[in-house]
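None of the figures in this text is laboratory data; all of them are computed from the coordinates on show. All of these numbers come straight from a predicted model, not from anything done at the bench. Cβ sites come from the backbone with ideal geometry, for glycine too, and all protein chains shown count toward neighbours.
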């Protein structure tokens with residue numbers, strides 16, 4: 001791979017010498033003792049930190065939260081702080097956790113403080129203070145609410161959506177203001193002739209948002225059709241579109257992401273087009289005007305001899321020119337052996353890695369299963385678990401734009417692992433969080449650590465320098481004879497600026513123009529006729 005990964009190598013080695021431990025030990029997040037900790041989720045915090053939340057308790061559940069700094073050191077009380085100890089159901093349901101543009105953590109779940117199961121939300125500051133007090137109650141009159149999801153808009157307003165238990169069920173949602181506690185009011189609802197549920201919120205650049213959801217007829221065991229409604233910034237519905245003519249099962253929860261142009265990308269499991277008894281993975285794009293790549297989307301493979309599963313993971317959008325990557329499990333028809341493959345798509349929906357994708361984790365009876373995909377500068381990082389009960393481990397793979405593959409050990413001590421999540425890159429490291437049976441049931445975390453023996457090389461671009469005058473710029477000491485690709489990536493791997501430079505004369509100066517909101521660590525990359533190099537900048 002090229003030097004874009006070199007920064008990851010250097011930082012990962014530094015971070016691993018602090019609170020972070022080795023893949024054989026891992027960093028324990030939840031408290032000491034044998035109190036069960038379950039269903040962890042994570043979100044990025046300020047200054048390269050990581051928020052982690054989970055439920056724990058022996059006789060009743062309470063919601064806990066911790067913030068780790070970039071070195072894995074706990075910034076709050078040992079074992080985390082109590083966010084909510086309001087009455088909980090004896091069962092835990094799906095919930096959501098994220099952070100806003102100001103670095104606050106936002107969590108939405110359901111409890112029974114009102115006497116029935118209803119959605120509540122908390123906003124937690126980096127110092128652990130509760131910005132929404134004892135939480136905002138989000139009741140649905142005449143109904144109960146389950147499985148809330150969160151979307152943070154560009155002005156830090158928060159959209160929370162959930163599924164009601166009406167008959168037929170609906171998708172309810174509220175838009176909460178950026179500051180202060182909102183007035184209690186009834187939510188808006190999306191309804192149809194069938195049961196609507198499993199919502200996801202995708203914010204847009206204009207302050208509006210999409211709510212993507214599933215609609216099915218009859219019971220939850222029946223197949224469902226995916227739809228998405230686009231809303232203006234004031235919450236006015238603008239259009240409703242069918243995502244694909246292919247259906248999903250009653251157990252599948254799609255994970256759409258923004259396409260960077262007020263539309264969305266979505267990966268999902270559905271039946272194989274040539275063999276309905278097999279499962280396949282499709283990727284679809286829904287544009288800002290409601291149009292799609294095709295009626296169905298594009299399958300990751302063309303064959304009909306294996307089962308393919310996306311496992312509720314989202315694709316990783318690298319950039320408009322670089323396209324998207326997605327990891328999926330690839331199993332034989334008896335489900336006794338499986339591998340992990342990746343497929344790359346351009347933004348027009350064309351699969352770029354052949355009929356069978358590219359293998360990144362070899363086939364074995366350990367049945368490796370991907371659970372997270374995030375951009376990694378000019379490629380993507382995939383995290384996965386493998387092994388049977390009490391014998392599971394966690395690994396990761398970085399796949400570079402050039403096709404180089406770097407395996408990484410995350411948790412090598414066999415254990416029982418559940419609810420694993422991968423946090424996107426920030427500060428040049430990604431973090432994996434999961435529930436582990438060790439210590440009586442704990443929440444553990446580990447950063448992505450890339451081997452220093454990966455053999456990274458750079459192109460010969462030493463005559464191009466990063467200089468500062470009125471602002472940062474690239475100085476070309478010698479001429480270029482072919483076009484050069486100039487890119488700026490945020491620390492989480494997202495491409496925030498990209499342009500093609502024509503051949504340049506000696507002495508040319510190219511200013512580095514960034515989005516005003518792009519602060520912190522930025523990676524400036526140049527890919528030209530003699531290779532690629534990257535400069536690391538810290539912008540206030």
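Quick notes on this one:
- Sorted by Cβ density within 10 Å, fewest first, the residues 107, 152, 509: 509, 152, 107
- Peptides 184-190, 45-51 ranked from most to least packed by the mean count of surrounding Cβ atoms within 10 Å: 45-51, 184-190.
- Taking a point 7 Å from the Cα of residue 155 along the Cα-to-Cβ direction, the residues of segment 186-218 with backbone N closer than 17 Å to it are 203-210.
- Across all directions, the average projected area of the convex hull around the alpha carbons of segment 265-372 is 6.6 nm².
- Net length available on complete extension from residue 295 to residue 205 is 29.8 nm, with 0.36 nm assigned per residue and the Cα-Cα distance removed.
- Rough spin-label spacing in nm, given labels placed 7 Å along Cα→Cβ, for residue 498 and residue 219: 4.6
- Were the residues from residue 365 through residue 167 laid out at 0.36 nm apart, the gain over their Cα-Cα distance would be 67.0 nm.
- If you plug the beta carbon distance of residue 346 and residue 193 into 1/(1 + (r/R0)^6) with R0 = 30 Å, you get a FRET efficiency near 0.20.
- Compared with the direct C-alpha span, the chain from residue 73 to residue 273 gains 67.1 nm at full extension, assuming 0.36 nm per residue.
- In this calculation the C-beta distance from residue 101 to residue 137 is compared with R0 = 22 Å, giving a FRET efficiency of 0.35.
- Taken along the Cα-to-beta-carbon direction at a fixed 7 Å, the label points for residue 234 and residue 438 span 5.5 nm.
- Sorted peptide list for 332-341, 157-166, 260-269, criterion being average Cβ within 10 angstrom, highest first: 157-166, 260-269, 332-341
- For segment 132-158 versus segment 301-345, the gap between their alpha-carbon centres in whole angstrom: 33
- The ratio of the alpha-carbon radius of gyration of segment 314-448 to the globular-protein estimate 2.2 N^0.38 Å is 1.05.
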